[in-house]
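To keep things clear, I will list the structure first and then write my remarks on it.
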Amino acid sequence: MKRFVDLRSSDTGYRFAWFDTITEQFERHSGTMCWDTWSDFESDFQGEPLSDNLERYRGLTPKWAFEHPEKEEVILKAFNVTSEAQRPNSTKPTCFYCAQPIGGLHKSDCILLRKLVRVRAVVEYTTEVPAFWDKDNIEYLLEETAYPSDHFCKDLTRSMENGEEYLDFTYLCDTSRPFLKEGNA
Ligand SMILES: [Zn+2]
């Protein structure tokens, strides 16, 4: 027997999982054990050989799991304001940033709610090398040897000061769920 497990009030950050009452274990599909929505589950499940069983799961899944969670709701539920969010030396018992009271919940657009994201940076800058070096020498230096990161930073800083750098950033994806960063933690 499969059992749908509602995780919405857990602190896992996910919304549901599947429990197998025969093996007495949470099920794992494509390496994942909990999901936010049916479509997340479906894509993990369909990566597996027994994907024709999917309909058995569908019938056991409540309606809310087919819908995307209200992101704001997830965040608001999770993050209480503590005294760490006060301005240093302030006697005002609120978050310094979103003004919500200690014991209440941070607003969803409070800057203390953080996430990690992956970005790609394309960088062009000027560096100095021996004059006889060609493309291969130069790329070897930069990629294969321990081109010290402080040299890289100095080269880049100098190029920026001279206005000759080129930077282009691309957002790739979120790599974490929202988390709270109060105080100096
Ligand atoms: Zn706040």
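Coordinate-derived values only; no laboratory data. As the structure is a computational prediction, the values presented were derived from the model and not from experiment. Note that we place each Cβ from the backbone using ideal geometry, even for glycine, and neighbour counts take in every protein chain shown.
Distance cut-off 30 Å, Cα to Cα: go down the list Lys2/Lys115; Lys63/Lys115; Lys107/Lys154; Lys92/Lys115 and report the pairs above it.
Values: Lys2/Lys115 34 Å; Lys63/Lys115 28 Å; Lys107/Lys154 40 Å; Lys92/Lys115 27 Å.
Lys2/Lys115; Lys107/Lys154, as the Cα separations exceed 30 Å there.
Out of the GluC sites (Glu not before Pro) in the stretch 76-185, which ones are loop residues according to DSSP with at most 14 other C-beta atoms within 10 Å? Intermediate values should be presented prior to the final figure.
Details: sites: Glu84, Glu124, Glu128, Glu139, Glu143, Glu144, Glu161, Glu164, Glu165, Glu182; in loops: Glu128, Glu144, Glu164, Glu165, Glu182.
Hits after loop and neighbour filter: Glu128, Glu144, Glu164.
In the neighborhood of Thr170, defined by Cβ-to-Cβ distances under 11 Å, what is the net charge if each Lys or Arg adds +1 and each Asp or Glu adds -1?
+1
Quick one: grab the alpha carbon gyration tensor of the stretch 3-52, order the square roots of its eigenvalues as a ≥ b ≥ c, and give me rounded if a/c is under 1.5, else prolate or oblate depending on whether a/b is larger than b/c.
Oblate, because a/c is 1.5 or more while a/b does not exceed b/c.
Mind sorting Phe66, Phe169 by how few other Cβ atoms lie within 10 Å of their own Cβ, fewest first? Working shown, then result.
Working: Phe66 13, Phe169 10.
Ordered by Cβ neighbours within 10 Å, fewest first: Phe169, Phe66.
What whole number of Å gives the distance from the Cα centroid of the stretch 108-144 to the Cα centroid of the stretch 1-61?
The stretch 1-61 and the stretch 108-144 have Cα centres spaced 40 Å from each other.
Where does the charge balance sit around Ala85 when Lys and Arg score +1, Asp and Glu -1, over other residues with C-beta under 14 Å from its C-beta?
Numbers: positive: Arg87, Lys92, Lys107, Arg114, Lys181; negative: Glu84, Glu182.
That sum, taken over residues with Cβ under 14 Å, equals +3.
List the trypsin sites (Lys or Arg not before Pro) within the stretch 85-153 that fall in a DSSP loop (any state other than H, G, I, E or B) and whose Cβ has at most 16 other Cβ atoms within 10 Å.
Lys115
Among Phe45, Ser30, Phe4, which residue has its Cα furthest toward the positive end of the charge dipole of the stretch 2-66, with +1 on Lys/Arg Cβ and -1 on Asp/Glu Cβ?
Value computed over the given set: Phe4.
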